[in-house]
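Taking it in order: structure first as structure tokens, then the write-up.
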2 protein chains.
Amino acid sequence: MPQYFSEDASVDAVNARMGEDVSPRLRQVMTSLITHLHGFIKDVQLTQEEWAFAVDFLTRTGQICSEQRQEFILLSDTLGVSMLVDAIGNRRPSGATENTVLGPFHVADAPRREMGVSISADGKGETCLFEGRVLDAAGNLIEGACLDVWSDNADGFYDVQQPDAQPRWNNRGRFTTGADGAYRFIGIKPVSYPIPYDGPVGKMLAALGRHPYRPAHMHFIVTAPGFQTVVTHTFVGDDPYITSDAVFGVKDTLVAPFERVNDGATAWRSPFDFVLVPS
Amino acid sequence: MPQYFSEDASVDAVNARMGEDVSPRLRQVMTSLITHLHGFIKDVQLTQEEWAFAVDFLTRTGQICSEQRQEFILLSDTLGVSMLVDAIGNRRPSGATENTVLGPFHVADAPRREMGVSISADGKGETCLFEGRVLDAAGNLIEGACLDVWSDNADGFYDVQQPDAQPRWNNRGRFTTGADGAYRFIGIKPVSYPIPYDGPVGKMLAALGRHPYRPAHMHFIVTAPGFQTVVTHTFVGDDPYITSDAVFGVKDTLVAPFERVNDGATAWRSPFDFVLVPS
């Protein structure tokens, strides 16, 4: 008698159907996916009505996606999936600067700027000096490291979210270290903001009793020849959402000092060193 | 120090974020979903590139959905999820007729017809007499049972897939049993056909070395007052795809006899009794 599908043998029934020429990696990924997907359904004894809701939820999530919006990435972010994949792919020794999520608002090829200048072009917000060094694990200064930085403006929006209301490249820039390994630029003290919550993911967060806010942060991508690229943020530690980031991006080591300054140049100063490991 | 997200504690980090007023069932479902989703990612050590492929795959799956097409249901079907949810929701004692998937081609309110008539209106295919009885588990005949039946035509398409090429209600009808509990109608011996395979799910099947075909089958929904509704098919046992249904719909007990007939009335005869259990 052939082995047809049954509730008890559901995982084997599906996985045994794979062809012989499937690549080992695809076989591994799909076998585990089916095991966990069926395991979930059996654990909770998923009902027909819940299944139909899930089909509709996924369909709505796909249909709201556009050139300007990626709701499945939001879903991944809010379920901790993005951070988990990033953690698995970027394990580093203690002391090395940790990664966090890239986020959807990075724009390639931001203007290259001189050390010390301001990246804020709209005149809004509290000015903040960001400065520090790029080092290797032994404490050696790294010359020629590139820091690609970006943040929201004082209203909580990135320039690309408000192409008509913000100057182009507002709060963005790229800086390259010299022989002293140091970086230094003036931005604003970032502010917290919600991820887009008018779609299926926002409804999900509301149903789960969760808010859509991210704690205030400055984005950095730090690259240097011979070293692993660091994709990260520095966070404002006293932000009300610091322990409840909607996308789980905060790590202890990424909470940076934001200190009041009385030198008349900027209102705040945020020192932070980046420690890179060899690639 | 607050408990931020970490690779090791990823499941707890996400699940601890749920609010206190979340319904117990939603809490149960989401807790299990996160456990299995993160478990899958950790098991296979999912890479950034694979994650990006998954986001794109889900997006394409959502974007091909329309009034006429539900690609997420196809995905559920081809991963054995639809059959598993149906199995969990419709466990029945041995001897009772089993369920299988509804499929996307049912149309409500098919014409009510007299016992013995033909449901085939396009003159194509090999004629087949479908007949049998509707019984309870003790063998008592059930009067007033309704059998809602449908199949593809000899070209492998349902009428709703070819509204211009097939007569309306071709190979569909509803029959109600009398005091003898018997049903009897003439259709065609169904033929195998592929599920839609020009979208993301078809590409997935190809990558997994799987074909998109379903073995030939006649659909039935059998309802009777006081009894559980049976949503099922009867299958043609010698179909080349009988052990490899793309949607895992075949069960041993649903493989029906299809016998050659030499009475000049029909080319085939398929006897099958339905056994219902109380609702």
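The values are calculated or read from the model by the stated rules, or taken from the named source; none is laboratory data. Note that the structure is predicted; figures quoted are calculated from it, not measured. All Cβ positions, glycine included, derive from the backbone under ideal geometry; neighbour counts span all protein chains shown. Quick note on the areas: whole protein, heavy atoms, side chains included, nothing else; ligands and nucleic acids left out. Shrake-Rupley method; radii C 1.70, N 1.55, O 1.52, S 1.80 Å.
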Unique match (being within 7 Å of another protein chain (Cβ to nearest Cβ), surrounded by 21 or more Cβ atoms within 10 Å (Cβ to Cβ) and out of contact with any strand residue (DSSP E or B) (no Cβ under 9 Å at 6 or more places or on another chain)) among A:Thr61, A:Thr78, A:Thr47:
A:Thr61
Can you confirm whether segment A:65-75 contains a residue that is in contact with a Leu (Cβ under 8 Å, 6 or more places away or on another chain), modelled with pLDDT of 95 or more and either within 26 Å of B:Gly89 (Cβ to Cβ) or open to solvent by 40 Å² or more (accessible area, probe 1.4 Å) (or both)?
no
Tell me which residues, restricted to segment B:98-136, are buried (at least 17 other Cβ atoms within 10 Å of the Cβ), part of a loop (DSSP other than H, G, I, E, B) and of a type in the set (Asp, Glu).
B:Glu98
Which of the residues that make up segment B:240-279 are in contact with a Gly (Cβ under 8 Å, 6 or more places away or on another chain) and charged (D, E, K, R)?
B:Asp273
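So is A:Arg113 within 20 Å of A:Ala256 (Cβ to Cβ) and in contact with a Gly (Cβ under 6 Å, 6 or more places away or on another chain) or not?
no
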Restricting to segment B:137-162, name every residue that is open to solvent by less than 20 Å² (accessible area, probe 1.4 Å) and of a type in the set (A, V, I, L, M, F, W, C).
B:Ile142, B:Ala145, B:Leu147, B:Val149, B:Trp150
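Just one of B:Thr253, B:Thr243 is assigned to a loop (DSSP other than H, G, I, E, B) and over 24 Å from B:Val107 (Cα atoms); which is it?
It is B:Thr243.
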Does segment B:81-97 hold any residues that are farther than 19 Å from B:Met204 by Cβ, crowded, with 20+ Cβ neighbours inside 10 Å and facing chain A (nearest Cβ under 7 Å), and which are they?
B:Val85, B:Ala87
Residues located in segment A:258-279, provided they are assigned to a loop (DSSP other than H, G, I, E, B) and of a type in the set (Ser, Thr, Tyr)
A:Thr266, A:Ser279
Consider only pairs whose beta carbons are under 6 Å apart and that are at least six residues apart or on different chains; among these, list those whose first residue lies in segment B:35-54 and is outside any helix (DSSP H, G or I) and whose second residue is surrounded by 18 or more Cβ atoms within 10 Å (Cβ to Cβ).
B:Gln45/A:Ile88; B:Leu46/A:Val85
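Could you please let me know if A:Asp245 is more than 20 Å from A:Tyr183 (Cβ to Cβ) and of a type in the set (Asp, Glu)?
It is true that A:Asp245 is more than 20 Å from A:Tyr183 (Cβ to Cβ) and of a type in the set (Asp, Glu).
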Within 25 Å of B:Pro104 (Cα to Cα), touching a Lys or Arg at 6+ places or on another chain (Cβ under 8 Å) and at pLDDT 95 or above, is that true of B:Thr78?
yes
